[in-house]
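Read-outs throughout are calculated quantities, based only on the coordinates presented, and are distinct from any laboratory measurement. Since the structure is predicted, the reported quantities are computational estimates derived from the model, not experimental observations. Here the Cβ positions follow ideal geometry from the backbone for every residue, glycine too, while neighbour counts run over all protein chains shown.
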Amino acid sequence: MIIKQNIEQDVWLAKHGDEDAFSRLIRTYERNLYGLARRYLKQDEDCADAVQEAIFKAFRAIHTLKEPVYFKTWLFRILIHECLQMLRIQKRTRIVKQLERDARSVNVPYQAIELKEAI
């Protein structure tokens with residue numbers, strides 16, 4: 001019960017500009033944040049990037065949190081959104097690279113190449 005009260009107090013303090021309180025909150029959940037990111041992303045670097053971006057966004061938006069009791073849920077939703085965003089970007093990158101590989105492997109007449117470049 002004391003831990004829950006401390007977390008809610010730290011959320012209240014963080015909402016009112018206390019950076020140390022926000023740091024304590026992040027330290028409380030840092031392992032859980034990384035574990036959640038790991039469920040979505042395969043590479044450690046991607047997990048670290050997603051967690052870092054989620055923490056930054058949470059820090060900037062902490063004043064919008066209405067109920068301190070929901071801080072953990074709010075923070076985890078931000079992280080999930082970041083992970084999904086990274087997955088969408090990675091998927092687009094894979095598609096573009098595959099299209100480039102496919103385009104190089106096809107023999108296209110010279111006129112078609114000029115038309116493609118003109119477009």
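Here I7 passes the criteria (1) surrounded by 12 or more Cβ atoms within 10 Å (Cβ to Cβ); (2) without any contact (Cβ under 8 Å) to a residue 40 or more places away in the chain except the one numbered (2). Would you mention how many residues in region 41-61 are part of a helix (DSSP H, G or I) and either exposed (fewer than 12 other Cβ atoms within 10 Å of the Cβ) or in contact with a His (Cβ under 9 Å, 6 or more places away or on another chain) (or both)? The qualifying residues number 6.
Consider Y29 carefully, then state whether it is within 21 Å of the chain's Cα centre (by Cα), in contact (Cβ under 8 Å) with a residue 40 or more places away in the chain, part of a helix (DSSP H, G or I) and within 28 Å of M86 (Cβ to Cβ). Yes; evaluated as a whole, the condition is true for this residue. For region 62-74, filtered to residues that are without any contact (Cβ under 8 Å) to a residue 24 or more places away in the chain and assigned to a helix (DSSP H, G or I), the residue that is surrounded by the most Cβ atoms within 10 Å (Cβ to Cβ) is W74. Scanning region 75-86 for residues that are surrounded by 15 or more Cβ atoms within 10 Å (Cβ to Cβ) and either charged (D, E, K, R) or more than 27 Å from H16 (Cβ to Cβ) (or both) yields E82, C83, M86.
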